[in-house]
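As structure tokens, the structure follows; a few thoughts come after it.
Where a number appears in this text, it was derived from the coordinates with a stated rule and is not lab data. Just so it is clear, the model here is predicted, and its values are computed rather than measured. Cβ atoms come from the backbone with ideal geometry, glycine included; neighbour counts cover every protein chain shown.
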């Protein structure tokens with residue numbers, strides 16, 4: 001039996017186990033990907049802790065920002081070839097025939113499978129992908145920098161599309177971490193003006209926001225953010241929320257211009273306040289945005305290749321995953337950690 005090294009969740013809220021597990025065999029419609037690198041997302045931490053109502057089955061191998069080489073293919077695969085460099089994204093597969101899949105909304109398909117959550121993901125030397133949902137990486141992109149684009153990139157690019165903010169208008173990116181710092185780059189590439197919002201007095205995130213090209217950065221008291229944006233720029237046309245906390249959602253709502261749109265992306269526990277009178281009077285819109293479709297991912301990678309979008313990455317090894325999660329919980333990661341195999 002051929003084996004591979006993998007980081008495995010065997011029990012929620014316990015350290016991942018570095019194990020030797022069997023290398024999976026692709027089915028007729030699947031490919032086997034030899035991993036080159038994998039980004040580490042906050043969702044991987046949620047998976048390892050069992051934080052969400054629908055929990056992953058255990059044991060599970062997390063990871064959904066993988067980039068690797070196709071080394072084996074099932075008999076029915078025609079859209080890929082051996083040696084292709086491809087991604088292992090969150091959307092592993094979907095049913096393909098429900099109303100959501102038929103209308104290019106496959107990320108809300110009830111029968112979707114998700115890499116590193118409902119099926120094993122990219123925290124391993126090899127991973128399986130459904131060929132129909134496998135996207136190749138443009139040759140211009142280094143796998144180390146391409147990996148985070150398969151979640152952080154496509155999630156924020158899609159959210160910016162959903163925001164409806166036009167070139168020259170203001171968008172606020174609330175939360176400048178693994179997703180937010182990439183969102184700034186995509187917003188600038190799309191012609192938007194950006195106000196970045198960090199946690200209070202968070203110099204690490206504030207510096208990163210400036211480095212990524214934000215026009216304005218707010219790192220003051222959380223309860224003053226909405227008022228500050230209104231006073232500074234007259235309100236934002238849209239707000240994309242990547243901060244894993246409740247208060248920024250409420251403040252971002254206050255920061256919008258009339259007719260503005262709030263796009264929640266992060267998934268903190270609890271609920272946000274939505275004042276009925278102000279929402280109606282100001283014609284405010286609140287639209288959730290979940291990851292992105294295959295087409296969104298194609299666009300994400302194409303823009304990155306043409307605009308030179310480059311996540312801020314720290315390269316580590318698979319057996320450092322538990323220390324990486326500790327740093328994530330402590331807010332000590334600047335941008336994204338990428339595992340190199």
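Contact order for the range 99-243, expressed relative to its length and based on alpha carbon pairs under 8 Å spaced 6+ residues apart, stands at 21 percent. Helix 180-189 and the long axis of the chain differ in direction by around 80°, with both axes built from C-alpha atoms.
Relative contact order of the range 229-341, taken over Cα pairs closer than 8 Å and 6 or more residues apart, is 19 percent. The mean sequence distance of close C-alpha pairs (under 8 Å, at least 6 residues apart), as a share of the length of the chain, puts its relative contact order at 18 percent.
What is the calculated FRET efficiency for residue 1 to residue 329, with r their C-beta to C-beta distance and R₀ = 25 Å, to the nearest 0.05?
So, using R0 = 25 Å, E works out to roughly 0.10.
Once the C-beta distance of residue 287 and residue 52 is scaled by a Förster radius of 30 Å, the resulting FRET efficiency is 0.90 to the nearest 0.05. With Cα atoms defining each centre, the range 244-276 and the range 50-95 are spaced 32 Å apart in the structure.
For the chain, the longest principal axis of the Cα atoms and the long axis of helix 152-163 meet at an angle of about 40 degrees.
Considering only beta bridges that DSSP places wholly inside the chain, some 55 percent are antiparallel.
When the helices of the chain are scored as -39500 (n - 2.57) per DSSP H run of n ≥ 4 and the total is divided over every residue, the value at 222 nm lands at -7500 deg cm²/dmol. For the chain, the longest principal axis of the Cα atoms and the long axis of helix 294-307 meet at an angle of about 70 degrees.
Our note on the geometry: Cα centres of the range 277-298 and the range 167-184, 15 Å apart. Given R₀ = 56 Å, FRET efficiency for residue 139-residue 278 by Cβ-Cβ distance, to 0.05? With R0 = 56 Å, the Cβ-Cβ based efficiency is 0.70. Using a ≥ b ≥ c from the Cα gyration tensor of the range 250-341 (square roots of the eigenvalues), is it rounded, prolate or oblate, where a/c under 1.5 gives rounded and otherwise the larger of a/b and b/c decides, a/b for prolate? Taking the square roots of the gyration eigenvalues as a ≥ b ≥ c, the range 250-341 is oblate.
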